[in-house]
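Reviewing the structure listed below.
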Amino acid sequence: MINLTKGLKPLILQNHANQWTNEALIFFNAGNRIPDAIINKYNHPNVKKALIEETNGKCAYCESFILDVDYGDIEHIIPKRKNPLTAFEWDNLTLSCSVCNNNKGDYFEQPTLLLNPYVDNINKHLKVFATLVMHVNGSTKGEFTHKLLKLNRAPLPEKRREAIDSFQNLIDKYYRENHLLLKDILKDEILSMIQPEKEHSLTLKCYAIAQELDFIF
């Protein structure tokens, strides 16, 4: 998990979110189940497209690229049926893989223990040691989040190891290279691998810190 920034609210939500919320509240306040036809109106192609852009096509929780193997889920940070007031709020929507979505389930409490990648400073709560996501000492939210979402489930550690192997291969090439121009090219490749749009970027950032790569930090 890394910090994310919300993009522009899709026009469909700007135009209809308030109306949809009022429709949902009629059923919710009466103690009735909100019909799927109402509560699922957020599931619009333009909403999905905007979320893919702001997450770089990665799961907001486990940082796996989704679209190669899955459609991806429009995820409600606060579950839509727990609080209809946030069901159509742009700030409450993100993109997740189906596994993280299922692991999170309908978890909801206030104050929440689940890290919000748009609000919380993730670096203060989570680190990657070797190939395992662990919480920073003393971070209850970090511990709760990685355990609830099962961020060390198979095959995530193996995928992180593969990313580290590729990263280390570039680092080795960089330090062996004597040609200055080629060395600069390799440095740019290394820097590109820790950018937010790359898969498992938190893993590689933590690895780079451990390796004390002075040209990165």
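The values are calculated or read from the model by the stated rules, or taken from the named source; none is laboratory data. Keep in mind it's a predicted model, so treat the numbers as computed, not measured. Glycine also receives a Cβ, built like all others from the backbone with ideal geometry; neighbour counts cover every protein chain displayed.
Of Ile52, Ile66, Ile39, all but one fail to be buried (at least 19 other Cβ atoms within 10 Å of the Cβ), within 12 Å of the chain's Cα centre (by Cα) and not aromatic (Phe, Trp, Tyr); the exception is Ile66.
Regarding Leu182, is this residue surrounded by 13 or more Cβ atoms within 10 Å (Cβ to Cβ) and either at pLDDT 95 or above or not assigned by TED's automatic domain parsing to the domain that holds Asn102 (or both)? So Leu182 fails the test. Taken over the range 187-208, the criterion of being in contact with an Asp or Glu (Cβ under 8 Å, 6 or more places away or on another chain) and over 11 Å from Phe167 (Cβ atoms) is satisfied by Glu199, Leu202. For the range 1-24, residues that are over 30 Å from Arg160 (Cα atoms) and surrounded by fewer than 15 Cβ atoms within 10 Å (Cβ to Cβ) total 7. Within the range 85-106, the residues that satisfy the criterion of being surrounded by 15 or more Cβ atoms within 10 Å (Cβ to Cβ), in contact (Cβ under 8 Å) with a residue 40 or more places away in the chain and not hydrophobic (A, V, I, L, M, F, W, C) are Glu89, Thr94, Asn103, Lys104. For the range 1-55, a residue qualifies if it is closer than 30 Å to Val128 by Cβ and touching a residue at least 60 places away in the same chain (Cβ under 8 Å), and the qualifying residues are Met1, Ile2, Asn3, Leu4, Thr5, Lys6. Within the range 107-135, the set of residues being charged (D, E, K, R) and surrounded by fewer than 18 Cβ atoms within 10 Å (Cβ to Cβ) comprises Glu109, Lys124. Among the conditions (1) assigned to a loop (DSSP other than H, G, I, E, B); (2) more than 16 Å from the chain's Cα centre (by Cα), Ile185 misses just one, which is (1). Just one of the listed residues (Ile171, Ile209, Ile164) is of a type in the set (Val, Ile, Thr) and without any contact (Cβ under 8 Å) to a residue 24 or more places away in the chain, namely Ile209.
Residue-by-condition table, conditions (1) hydrophobic (A, V, I, L, M, F, W, C); (2) at pLDDT 95 or above; (3) over 22 Å from Ser64 (Cβ atoms); (4) over 15 Å from the mean Cα position of the chain (by Cα):
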| residue | (1), (2), (3), (4) |
| --- | --- |
| Phe88 | yes, yes, yes, yes |
| Glu109 | no, no, yes, yes |
| Asn116 | no, yes, no, no |
| Asp120 | no, yes, no, no |
| Lys127 | no, yes, no, no |
